[in-house]
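This report concerns only the one structure given below.
The values are calculated or read from the model by the stated rules, or taken from the named source; none is laboratory data. Since this is a predicted model, take the numbers as computed values, not measurements. FYI the Cβ positions are ideal-geometry reconstructions off the backbone, even for glycines, and counts take in every protein chain you see. Note: areas computed on protein heavy atoms with side chains; ligands, DNA, RNA excluded. Shrake-Rupley method; radii C 1.70, N 1.55, O 1.52, S 1.80 Å.
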Amino acid sequence: MLFWSFNALLLVVDTTGKPHFVSRYRIQDGKNDPVDPTKLRQAVLTVLFNQYIISLPVLGLSYLFLKWRENPCRPELPTFHWFLLELSVFILTEEVMFYYSHRLLHHPMFYKRFHKKHHEWTAPIGVVSLYAHPIEHVVSNLLPAMVGPMVMGSHLPSITVWFSLALITTTISHCGYHLPFLPSPEFHDYHHLKFNQCFGVLGVLDHLHGTDTTFKQTKAYERHVLLLNLTPLSESIPDPPKKTELMKLSSIIKVTNWHGERGNPGHQDVLQ
């Protein structure tokens with residue numbers, strides 16, 4: 001319910017372009033404007049398959065494991081301090097497992113067979129966060145999020161809060177919009193654009209392994225911050241002009257200079 005209610009709001013913008021002010025925060029300008037309905041339909045069907053045919057049985061097995069270890073529905077609720085400790089373990093476990101499983105899926109032996117499906121979207125949208133081959137969905141989506149609670153023998157409320165945070169975070173990372181007051185999706189959006197950078201969630205292991213060096217040299221890295229005002233970062237920190245745009249500008253300057261030399265009184269205004 002949380003996943004689809006949040007993504008329903010994003011899909012309204014993806015399919016209609018309205019409200020227009022949200023579209024201003026699009027990371028990859030001109031992409032998914034609007035989203036291809038055929039690709040979207042395929043993505044939604046795949047996500048539903050992964051949720052109900054793959055995730056539910058895996059969650060059922062994990063429940064049996066948790067019940068064998070310690071009943072997740074026991075009457076004593078965890079303390080807030082214990083939950084914070086659990087959350088730290090969950091986050092670190094996910095970072096390690098997701099980073100290495102994700103990098104493994106980019107190996108030529110596995111990429112075409114499993115991970116290429118997810119990368120059909122070089123400009124992702126929120127619902128694509130769970131658009132993946134079933135094997136990838138288990139190895140790289142489910143297990144990194146589930147191992148932490150199983151190791152800690154967590155209570156159902158702790159697991160619910162963690163899964164909710166994980167789903168919201170991965171949706172934001174794929175949504176394609178750098179929205180105010182929400183975590184920056186620039187890191188993972190750049191991964192979809194370039195494929196060989198930014199494999200993790202937090203970026204810690206990417207820093208240690210040097211898989212974010214190219215990303216750090218881009219404007220996207222400068223924009224990889226929490227937006228605390230309503231001005232889109234694509235406007236306050238714009239991309240440098242493309243080579244074709246520079247060539248066009250150079251041609252305009254040459255033409256206007258030539259006209260100026262011939263006594264055109266308005267050439268200075270054109271240059272400006």
Note to self: Conditions first: (1) open to solvent by 30 Å² or more (accessible area, probe 1.4 Å); (2) among the β-branched types (Val, Ile, Thr); (3) more than 21 Å from LEU9 (Cα to Cα). THR211 passes all but one, so which condition is the exception?
What the structure shows: (1)
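Looking only at region 105-140, count every residue that is part of a helix (DSSP H, G or I) and free of Cβ contacts under 8 Å to residues at least 12 places away in the same chain and tell me the total. First the steps, then the outcome.
In the first step, residues of region 105-140 are kept if they are part of a helix (DSSP H, G or I); the result is 105, 108-111, 115-120, 126-130, 134-140.
Subsequent filtering for residues that are free of Cβ contacts under 8 Å to residues at least 12 places away in the same chain retains 108-111, 116.
Residues that pass the stated criteria total 5.
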Item checked: Residue count for region 214-243, restricted to those that are open to solvent by 60 Å² or more (accessible area, probe 1.4 Å), of a type in the set (Ser, Thr, Tyr) and in a loop (DSSP other than H, G, I, E, B) -> 2
Checklist line | Every residue from region 141-178 that is free of Cβ contacts under 8 Å to residues at least 40 places away in the same chain and among the β-branched types (Val, Ile, Thr) | finding: THR160, THR169
Margin query: Give all pairs with beta carbons closer than 8 Å in which a residue from region 60-75 that is more than 11 Å from SER154 (Cα to Cα) and without any contact (Cβ under 8 Å) to a residue 12 or more places away in the chain meets a residue that is open to solvent by less than 80 Å² (accessible area, probe 1.4 Å) and not in a helix (DSSP H, G or I); count only pairs at least 6 apart in sequence or on separate chains.
Written below: none
Item checked: Which listed residue is modelled with pLDDT of 95 or more, more than 23 Å from LEU193 (Cα to Cα) and either out of contact with any His (no Cβ under 8 Å at 6 or more places or on another chain) or surrounded by 14 or more Cβ atoms within 10 Å (Cβ to Cβ) (or both), from TYR111, TYR52, TYR100 -> TYR52
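Restricting to region 33-49, name every residue that is open to solvent by less than 30 Å² (accessible area, probe 1.4 Å) and under 30 Å from LEU228 (Cβ atoms).
As a first pass, look at region 33-49 and keep what is open to solvent by less than 30 Å² (accessible area, probe 1.4 Å): 35, 40, 43, 46-47.
VAL35 - this is the single residue of region 33-49 that is open to solvent by less than 30 Å² (accessible area, probe 1.4 Å) and under 30 Å from LEU228 (Cβ atoms).
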Next item on the list: Test LEU61 against the criterion of being among the aliphatic types (A, V, I, L, M) and open to solvent by 40 Å² or more (accessible area, probe 1.4 Å), and give yes or no.
Entry: yes
Check: How many residues, within region 1-50, are part of a helix (DSSP H, G or I), closer than 17 Å to TRP121 by Cα and without any contact (Cβ under 8 Å) to a residue 12 or more places away in the chain?
Finding: 4
Note to self: Suppose the filter is at pLDDT below 95 and among the aliphatic types (A, V, I, L, M); does VAL35 pass it?
What the structure shows: yes
Next item on the list: Residues being hydroxyl-bearing (Ser, Thr, Tyr) and within 19 Å of MET146 (Cβ to Cβ): count how many of those fall in region 71-89.
Entry: 1
